[in-house]
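Peer 1: Structure incoming, see below.
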Amino acid sequence: MDELMNYLNRAVQDQASDLFMVAGGPVCEKIDKHMVPISDERLDPAQSERLIMELYALAGRDPAGYQQRGDDDFSLSVPNLARFRVNTYRQRGSMAAVVRVVAFHIPDWQELGIPERIINLANTSHGMVLVTGTAGSGKSTTQACIIDRINQTRDCHIITLEDPVEYLHRNKRSIVSQREIAIDTENYLSALRASLRQAPDVILLGEMRDAETIHTAMTAAETGHLLIATLHTKGTVNTIDRIVDSFPGGQQEQVRAQLSMVLRTVVSQQLLPGVNGNLVPAFEVMQMNNAIRSLIRDNKTHQIDNAIASGSAEGMISMDQSILALYKAGKITAETAVLFADNPEQMRRRLV
């Protein structure tokens, strides 16, 4: 256990995002998207299994899920150190794990570079707010900051449904009930249905994975709750199309109409390499208005990007506008701006 604790301590001290234990290579940590070996030797299968079984013991969790499926998700806390989100999996017949480092405290949104317009989504009283982006883009952290603002400023019952729970929220002005999928409840759908009977004001849904869960989430948002959910999509248009396309063709017109009424905001984010070697977040923000509501209802989502780009007076910003602002503030290079832009050619012209 001492060896495992040394690796966990090192990851926290180095402010690594993830720790990798995979047989055939050294234990590595990921710092600002760079892999850094932290063990002297390559792990053999027996060593990786020993370290990973120690993670299970530290979490007080039965490895039966891994043994049955070949992969498993769980979280654990080490007092006075941090929380960790663990994914174990089988590769080439041996045990492997990726350990995400999660600080005990809720991060400061200003230090992270999250705009105030996004934190102010905490003032939304009802409807659906979606936080989207690819894996590792910081969605969970953004959601945690919004939930923390609600917790500080509103008298609410907040229910979070997560797989696994990452940030721990202590009750402030609100009561926060945090439910972990597969431990506190069977799955997202059953937890979401149950939450509607638990007098919620705000529901955080870790992921919308299927049509039934999406339909239940939209119904919850329709009935006066604020529902904040995650989708692994890039950009507002892809997000809306993903939701609609998850339903059979005969239901899609109805879904578009319902979504146009319950959706309030879509935030899409990505992390860009900064000039100082750090990671800098860029955000696209879509705020619902009558024009966008009509575009969703009439299946003209391809026109939404133009509505976002011209909607700054209503608090909207496109991804490329956000990236350009980061470049002008000296936080990213011109090369990075072009590389991550939705429209690289147009970005090049703007940088001249």
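Please treat every number below as a calculation from the coordinates, not as lab data. From a predicted model like this one, the values you see are computed outputs, not experimental measurements. Reconstructed Cβ throughout: ideal geometry from the backbone, glycine too, with neighbour counts over all protein chains shown.
Peer 1: Taking only C-alpha pairs under 8 Å that are 6+ residues apart, what is the relative contact order of the range 2-102 in percent? All intermediate terms of the calculation are to be shown ahead of the outcome.
Peer 2: Working: 178 pairs, mean separation 27.2, N = 101.
Relative contact order, the range 2-102: 27 percent.
Peer 1: With the contact rule set at Cα under 8 Å and sequence spacing of 6 or more, what percent relative contact order holds for the chain?
Peer 2: After rounding, I find 12 percent.
Peer 1: Using a Cα-Cα cut-off of under 15 Å, which aspartates and glutamates could be cross-linked to Lys33, ignoring same-chain neighbours fewer than 8 residues away?
Peer 2: Straight-distance partners of Lys33: Asp14, Asp18.
Peer 1: Still on this structure: Sorted by mean Cβ packing within 10 Å, highest first, what order do the peptides 342-349, 108-115, 303-310 take?
Peer 2: Highest mean packing first, the order is 303-310, 108-115, 342-349.
Peer 1: So, one more: Which ordering of Ile158, Ile181, Ile243, Ile38 is given by a fewest-first count of other beta-carbon atoms within 10 Å?
Peer 2: In increasing order of surrounding Cβ atoms, one gets Ile38, Ile181, Ile158, Ile243.
Peer 1: Can you list the HN-Hα couplings for the range 300-307, worked out from phi with the Karplus curve (6.51, -1.76, 1.60; θ = phi - 60°), rounded to whole Hz and with x for Gly and Pro?
Peer 2: After applying 6.51 cos²θ - 1.76 cosθ + 1.60, I find 10, 4, 4, 8, 5, 4, 5, 5 Hz.
Peer 1: For the range 108-173, rounded, prolate or oblate, judged on the Cα gyration tensor with a ≥ b ≥ c (square roots of eigenvalues), a/c < 1.5 rounded, else prolate if a/b > b/c?
Peer 2: Values: a/c = 1.40, a/b = 1.20, b/c = 1.16.
Since a/c stays below 1.5, the shape of the range 108-173 is classed as rounded.
Peer 1: Under a GNM of the chain (C-alpha, springs under 10 Å), which listed residue has the highest mean-square fluctuation: Ala11, Ala57, Ala144?
Peer 2: Ranking Ala11, Ala57, Ala144 by mean-square fluctuation puts Ala57 first.
Peer 1: Report, to one decimal in Å, the Kirkwood hydrodynamic radius for the range 109-317 based on all distinct Cα pairs. Walk me through the numbers on the way to the answer.
Peer 2: On the way: mean 1/r = 0.0577 Å⁻¹.
Mean inverse Cα-Cα distance, inverted, gives 17.3 Å.
Peer 1: So what is the calculated 222 nm ellipticity per residue for the chain, using -39500 (n - 2.57) for each DSSP H run with n of 4 or more, over all residues, to the nearest 500 deg cm²/dmol? Intermediate results must be reported in sequence, preceding the final value.
Peer 2: Working: 15 runs with 136 residues, N = 352.
Helix contribution divided over all residues of the chain: -11000 deg cm²/dmol.
Peer 1: Can you tell which of Gln68, Gln287, Gln252 shows the greatest fluctuation in a Gaussian network model of the chain with Cα springs below 10 Å?
Peer 2: Maximum among the listed residues: Gln68.
Peer 1: Can you list residues from other chains, or at least 5 along the same chain, whose modelled amide H is less than 5 Å from the amide H of Gly133?
Peer 2: Leu231, Thr233, Gln269
Peer 1: Suppose the chain between Glu335 and Leu351 were pulled fully straight at 0.36 nm per residue; how much longer would it get relative to their current alpha carbon spacing? Intermediate values should be presented prior to the final figure.
Peer 2: Values: separation 16, 0.36 × 16 = 5.76 nm, distance 0.99 nm.
That pair, Glu335 and Leu351, stretches by 4.8 nm at full extension.
Peer 1: Moving on to the next point. Rounded to the nearest 0.05, what FRET efficiency do Asp210 and Met53 have when you use their Cβ-Cβ distance and R0 = 45 Å?
Peer 2: Values: r = 33 Å, r/R0 = 0.72.
Working from the Cβ atoms, E equals 0.85.
Peer 1: Take the cross-link list Lys30/Lys328; Lys139/Lys300; Lys234/Lys331; Lys30/Lys139 and give me the ones stretching past 20 Å between alpha-carbons.
Peer 2: Values: Lys30/Lys328 28 Å; Lys139/Lys300 27 Å; Lys234/Lys331 22 Å; Lys30/Lys139 18 Å.
Pairs exceeding 20 Å: Lys30/Lys328; Lys139/Lys300; Lys234/Lys331.
Peer 1: Using a/c under 1.5 as the rounded threshold, could you call the range 269-352 rounded, prolate or oblate? The axes a ≥ b ≥ c are square roots of the C-alpha gyration tensor eigenvalues, and prolate needs a/b larger than b/c, oblate otherwise. If you can, show how the numbers build up before the last one.
Peer 2: Numbers: a/c = 2.57, a/b = 2.13, b/c = 1.21.
Verdict is prolate for the range 269-352.
Peer 1: Here's another thing I want to ask about it. Suppose R0 equals 30 Å; then what is the FRET efficiency for Arg297 and Asp108 from their Cβ-Cβ distance, rounded to the nearest 0.05? Don't skip to the answer; put the middle values down first.
Peer 2: Values: r = 39 Å, r/R0 = 1.31.
After rounding, the FRET efficiency stands at 0.15.
Peer 1: Let me make sure I get this right: for the range 2-102, a, b and c are the square roots of the gyration tensor eigenvalues over alpha carbons, sorted descending. Under 1.5 in a/c it's rounded, otherwise prolate if a/b > b/c, else oblate. Which is it? Provide the component values of the computation, followed by the final result.
Peer 2: Values: a/c = 1.65, a/b = 1.17, b/c = 1.42.
It comes out oblate by the Cα gyration axes.
Peer 1: Still on this model: Just to be sure I follow: if Rg is taken over the C-alpha atoms of the chain and Rh is the Kirkwood radius over the same atoms, what is Rg/Rh?
Peer 2: Numbers: Rg = 21.1 Å, Rh = 21.6 Å.
For the chain, the value is 0.98.
Peer 1: Still on this structure, please answer the following. Spelling out what I want: for every residue of the range 34-44, take phi, set θ = phi - 60°, compute 6.51 cos²θ - 1.76 cosθ + 1.60 (Karplus), and round to whole Hz; glycine and proline get x.
Peer 2: 10, 7, 10, x, 10, 10, 6, 10, 6, 6, 9
Peer 1: Skipping prolines and chain starts, which residues have an amide H placed within reach, meaning under 5 Å, of the one on Met95, given they are 5 or more residues away or on another chain?
Peer 2: The answer is Glu49.
Peer 1: Determine the relative contact order of the range 127-251: mean sequence separation of Cα pairs under 8 Å and six or more apart, normalised by residue count, in whole percent. Could you put the intermediate results ahead of the total?
Peer 2: Numbers: 195 pairs, mean separation 39.8, N = 125.
Relative contact order comes out at 32 percent.
Peer 1: Note down, for the range 87-198, the three equivalent ellipsoid semi-axes (square root of 5 times each alpha carbon gyration tensor eigenvalue), biggest first, whole angstrom. List each step's numbers first, then the result.
Peer 2: Numbers: eigenvalues 137, 77, 34 Å².
They are 26, 20, 13 Å, listed from largest to smallest.
Peer 1: Additional query: Amide H to amide H, which residues 5 or more places from Val280 or on other chains are under 5 Å from it, using H placed in the peptide plane?
Peer 2: Leu272, Gly274
Peer 1: Let me ask something else about it. Give me log10 I(q)/I(0) at q = 0.13, 0.19, 0.30, 0.33 Å⁻¹ for the range 150-197, Debye formula, one equal scatterer per alpha-carbon, no solvent.
Peer 2: Normalising to I(0) and taking log10 leaves -0.30, -0.61, -1.07, -1.15.
Peer 1: Could you check which residue among Gly25, Gly249, Gly127 shows the biggest mean-square fluctuation in a GNM of the chain with a 10 Å Cα cutoff?
Peer 2: Maximum among the listed residues: Gly249.
Peer 1: Now a separate question. Write out the GluC sites (Glu not before Pro) in the range 5-110 meeting two conditions: DSSP loop, and at most 13 other Cβ atoms within 10 Å of their Cβ. Mind dumping the intermediate values first?
Peer 2: Numbers: sites: Glu29, Glu41, Glu49, Glu54; in loops: Glu41.
Passing sites in the range 5-110 are Glu41.
Peer 1: Using R₀ = 51 Å, calculate the FRET efficiency as 1/(1 + (r/R₀)^6) where r is the Cβ-Cβ separation of Tyr89 and Ala199; round to 0.05. Show your work: numbers first, answer last.
Peer 2: On the way: r = 38 Å, r/R0 = 0.75.
FRET efficiency, Tyr89 to Ala199: 0.85.
Peer 1: Would you calculate the separation in nanometres between label points at Asn306 and Asp155, each defined as 7 Å from the Cα along the Cα-to-beta-carbon direction?
Peer 2: Roughly 4.8 nm, to one decimal.
Peer 1: Spelling out what I want: for every residue of the range 146-157, take phi, set θ = phi - 60°, compute 6.51 cos²θ - 1.76 cosθ + 1.60 (Karplus), and round to whole Hz; glycine and proline get x.
Peer 2: Ordered by residue, 3J(HN,Hα) equals 5, 4, 5, 5, 4, 4, 7, 10, 10, 8, 9, 9 Hz.
Peer 1: Considering only Ile118, Asn289, Leu351, whose Cα is most displaced toward the positive end of the charge dipole of the chain, charges sitting on Cβ of Lys, Arg (+1) and Asp, Glu (-1)?
Peer 2: Toward the positive end, the furthest listed residue is Asn289.
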